[in-house]
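**Q** There's a structure below that I have some questions on.
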Amino acid sequence: MKLGIISGSARKGNNTLRVAKALQKLHGSSEIVDFQGYDLPNFAEGWVNPDAETPFQQHLIKTINECDLLIVLSPEYNWFPSAEIINTIHQLAGAAYKHIFDNKVVSTVGVSTGRGGRMPAVQLGYVFNKIFNVFDLNSITSPRTFEAQEVTKCIDEEGNLLDNEAFNAGFKAFLEYSVKVAKRWQLSD
C-alpha cells in the first residue's frame, strides 16, 4: 500500500511538513511532496505543460499517479485550504491530468497550530468528490478526516510524535482507517 502525501504549505518552516513526516514515519511506504518547492503557475498564468514539467511538477504528478492512498494536508488559512492546494487542483483536475486521480482513495487533513483544521479538510473532501464525479473516476474520498490541531505541541520538526496520548491515538487511528479503506477499495477492482 503506497501512500502519496501532499504537504500543502509553501511557507518555509511550516507545520504541515511535520504532519507529513509523522505519517511517513508511521506508514513507511510513502512519498512526500513538500510544497516548499512549489512552482505551479497561478491559474491566470497558464497551465502546467505536460511536455515541459519542472522537477517539482514531475514529482507531484508521479506521486499522485503512483500512490494507492493520497493524503492531502493543508494548513487552515482563514478557514480555507492553502492557495497552493487550491491552485494545484485547478491545474491538475482537468483533461490533461485527470488520469492521475483515477483508482485512488483520498484522505484529507487540516493543520493548525491552534484549534483549527476542520474546514480545509472538509472542503477538500467536497472538491475531490466533485472531481471524481465530473470525470467519472473510479475513486473515493475517505469519510474520515483529521484535524491536526496544536501541531507544535504534538509533533516535532522531524515528524516524531510527542507525548500527547489523545493526539497520538487519534492520529494513528486516522491513518489506520485510511489505509484500511484504501485496501478495501483496491480489492474491489
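All of the numbers you see were taken from the coordinates with simple rules; none came from a lab. Remember, predicted model here, so these are calculated numbers, not experimental data. Positions of Cβ are backbone-derived with ideal geometry, glycine not excepted, and every protein chain shown enters the neighbour counts.
**Q** Work out how much length Glu157 to Lys2 would gain on full extension: take 0.36 nm times their residue separation and subtract the Cα-Cα distance, in nm to one decimal.
**A** Full-extension gain reported as 53.5 nm.
**Q** Among 174-185, 64-75, 90-101, 4-15, what's the highest-first ranking by average C-beta atoms within 10 angstrom per residue?
**A** 64-75, 4-15, 174-185, 90-101
**Q** Which length gain, in nm to one decimal place, applies between Lys172 and Gln58 when the Cα-Cα distance is subtracted from 0.36 nm times their residue separation? Let's see the in-between values first.
**A** Values: separation 114, 0.36 × 114 = 41.04 nm, distance 2.98 nm.
The Lys172-Gln58 span can extend by a further 38.1 nm.
**Q** What fraction of the DSSP beta bridges in the chain is antiparallel, stated in percent and rounded to the nearest 5?
**A** Percent antiparallel among DSSP bridges in the chain is about 10.
**Q** Return the aspartates and glutamates within reach of Lys104: Cα separation strictly under 19 angstrom, same-chain partners fewer than 8 residues apart disregarded; answer none if there are no such residues.
**A** Glu31, Glu66, Asp68, Asp136, Glu176, Asp189
**Q** If you don't mind, another one. For the Cα atoms of the chain, what angle does the longest principal axis make with the long axis of helix 16-27, in degrees from 0 to 90, nearest 10?
**A** The helix 16-27 is inclined about 80 degrees to the chain.
**Q** Further question on the same structure: From the phi of every residue in segment 75-85, what ³J(HN,Hα) in whole Hz does the Karplus formula 6.51 cos²θ - 1.76 cosθ + 1.60 yield, where θ is phi - 60° and glycine or proline is x?
**A** Per residue, the Karplus-derived 3J(HN,Hα) values read x, 9, 10, 6, 6, 10, x, 5, 4, 5, 5 Hz.
**Q** Can you pick out the pairs among Lys21/Lys62; Lys12/Lys130; Lys12/Lys98; Lys25/Lys130; Lys153/Lys180 whose Cα atoms lie more than 21 Å from each other?
**A** On the way: Lys21/Lys62 19 Å; Lys12/Lys130 31 Å; Lys12/Lys98 29 Å; Lys25/Lys130 31 Å; Lys153/Lys180 28 Å.
Exceeds cut-off: Lys12/Lys130; Lys12/Lys98; Lys25/Lys130; Lys153/Lys180.
**Q** Can you tell me the order of 37-44, 116-123 when each peptide is scored by its average per-residue count of other Cβ atoms within 10 angstrom, highest first?
**A** Sorting 37-44, 116-123 by mean packing, highest first, produces 116-123, 37-44.
**Q** Run the quick spin-label model on Tyr77 and Lys180: label points 7 Å from Cα toward the beta carbon, then report their separation in nm to one decimal.
**A** About 3.5 nm separates the two model spin labels.
**Q** For the chain, compute the orientation-averaged projected area of the C-alpha convex hull (one quarter of its surface), in nm².
**A** Average of the hull's projected areas for the chain equals 10.1 nm².
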